[in-house]
Each structure stands twice: as structure tokens, then as C-alpha cells.
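Note sheet for the following structure.
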Amino acid sequence: MQDPRKQLVASGYDGMADRYLDWSARVVDPTRDRLFDEFSAKLPDDARVLDIGCGAGVPWTRRLAVRFDVVGVDISEAQIRLARENVPEAAFVQGDMAALNLPEASFDAVTAFYAISHIPREQHPDLFRRIAAWLKPGGLLLATLGA
């Protein structure tokens, strides 16, 4: 059985999927935008990028998919449905980022915008080990984390 805390996150994002998409489109954060641009500039055009906690795919998955081969992951079924509509050129997986089984060294980069904070803190060390394993040598991680 899935962790009830994660079930709450999934059902919450399922229930507010359209409202969250509208709200998040209006968020302005120049620092986040600058860091995203710096991160993207370090990757070759054919880079493979994993976007964990991708939500509805807007704006980050969409921006990544302009230049990169992108796989988005989200625990919310409704968010993944919207992401597939918003970013048809990317691939999407509905599931728990902390339980993903992905091949080692299969991504040039991983992004996690406002997502890791939804994972119970005691699961963070294992999640970071998984992310490190998914990255190719020299791969990059861009993540927002709570204090």
C-alpha cells in the first residue's frame, strides 16, 4: 500500500489540477528563471532530461522539451493527463518519484521544481541516491528544496 502522505499529495493535485495550472502560470520568479537558463545552457541539444514532479508540464517540461529529450514524472494522474496535452513531444510516467526504477546513467540531467518537498523527509537520502544513479557521469541536477 502506498504511503498515506503520498496518497494525500496525489489526490490533492488531482483535485486541483486545472486551478493549479492557472495559478502556476502566473508565478514570476526571476531567480528561478535565471538558474533554469544557466542549467539549460550547460546541456547539449540532444540531452536526455528527467523532470520529476513535472505537474502539468507548464512551464518547465515544455521549456525543456524545446531542446531536449524529456521524460516527466508525477504522482498525480490528473497532472500527467494535462502534461501529455500540454507537452506532447515529451514522454510521461505517472508514479512515485521515490519508487521509480530507471536504468542507471540514463539521463544527462534531472530537474525537480517544488517536488522533493512532497516526499517524506526520511525518504530523501534514498531519493538522492536514486537520482545520482540515474545521472550519467558529470550529469546535472537542478532542484528546489525547502529549508
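The values are calculated or read from the model by the stated rules, or taken from the named source; none is laboratory data. All of these numbers come straight from a predicted model, not from anything done at the bench. Note that each Cβ is placed from the backbone with ideal geometry, even for glycine, and that neighbours are counted across all protein chains shown. All accessible areas refer to the heavy atoms of the entire protein, side chains included, with ligands and DNA or RNA removed. Shrake-Rupley method; radii C 1.70, N 1.55, O 1.52, S 1.80 Å.
Of note:
- Qualifying GluC sites (Glu not before Pro) in segment 40-104, DSSP loop, other Cβ atoms within 10 Å at most 13: Glu89, Glu104
- Once all protein chains are placed together, Arg63 keeps about 90 Å² accessible to a 1.4 angstrom probe.
- Segment 93-139: equivalent-ellipsoid semi-axes (sqrt of 5 x gyration tensor eigenvalues, Cα, Å): 18, 11, 11
- Simple point charges give the picture: +1 on the Cβ of Lys and Arg, -1 on the Cβ of Asp and Glu, and for segment 1-76 a dipole about the Cα centre of about 120 debye.
- Neighbours of Phe39 by Cβ distance under 13 Å: Lys/Arg scored +1, Asp/Glu scored -1, total 0.
- Its Cα gyration tensor gives the chain an equivalent ellipsoid, and the semi-axes of that ellipsoid, as √(5λ) in whole Å with the largest first, are 21, 19, 15.
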